[in-house]
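Heads up, the thing below is written out as structure tokens.
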């Protein structure tokens, strides 16, 4: 009957929408995108009562200061001189020295073999971005969730 072409069309549209959904997480939530990498100079620090996000500073914790990554982001820092790496959580702002890319805690510096030299060239790979603190990101995320709900209603 005449219902067959409509069912076929609907199933084709659903297949296309579901295929597009595979791309949705990276478009809606930048934390799901491919890892970002930057190369620069790392230094380490051990002074400070509180970090920029308000938590008490733990010099032996595995944390770091970065100028732009959202708090709560998780990065892998690799010392390009010796190949050692460590996973750190961004909880502070800095470094405030020209030419530096990241300040790691004393705990991070130990694992990277940075204690003696003080600085080293590093590769910083963002493993997970922290929550964005702006309306645009939240609005995009909500739009993506609304689209997903609509696709599920139409297709299922």
Unmet requirement for residue 105, which otherwise passes all of (1) farther than 16 Å from residue 36 by Cβ; (2) surrounded by 21 or more Cβ atoms within 10 Å (Cβ to Cβ); (3) in contact with a helix residue (DSSP H, G or I) (Cβ under 9 Å, 6 or more places away or on another chain): (3)
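Each row is one residue, and each column tells you yes or no for (1) at pLDDT 95 or above; (2) surrounded by 16 or more Cβ atoms within 10 Å (Cβ to Cβ); (3) within 20 Å of residue 56 (Cβ to Cβ); (4) under 18 Å from the mean Cα position of the chain (by Cα).
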site: 89; (1), (2), (3), (4): yes, yes, yes, yes
site: 109; (1), (2), (3), (4): yes, yes, yes, no
site: 122; (1), (2), (3), (4): yes, yes, no, yes
site: 127; (1), (2), (3), (4): yes, no, no, yes
site: 136; (1), (2), (3), (4): no, no, no, yes
Conditions (1) touching a helix residue (DSSP H, G or I) at 6+ places or on another chain (Cβ under 9 Å); (2) more than 22 Å from residue 36 (Cα to Cα) -> residue 51 fails only (1)
Only one of these conditions is not met by residue 83: (1) within 16 Å of residue 41 (Cβ to Cβ); (2) free of Cβ contacts under 8 Å to residues at least 24 places away in the same chain. Which number is it? (1)
Of the numbered conditions (1) buried (at least 16 other Cβ atoms within 10 Å of the Cβ); (2) more than 22 Å from residue 130 (Cα to Cα), residue 82 fails exactly one; give the number of that condition. (1)
Just to be sure I understand the filter: pairs with C-beta atoms under 8 Å, separated by 6 or more residues or on different chains, first member in the range 2-27 and closer than 26 Å to residue 129 by Cα, second member at pLDDT below 75 and part of a loop (DSSP other than H, G, I, E, B). Which pairs pass? 26/33; 26/34
Determine, yes or no, whether residue 46 is at pLDDT below 95 and closer than 22 Å to residue 128 by Cα. no
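The values are calculated or read from the model by the stated rules, or taken from the named source; none is laboratory data. Please read all numbers here as calculations on a predicted model, not as lab measurements. Ideal geometry is used to build each Cβ from the backbone, glycine not excepted, and the neighbour counts take in all protein chains shown.
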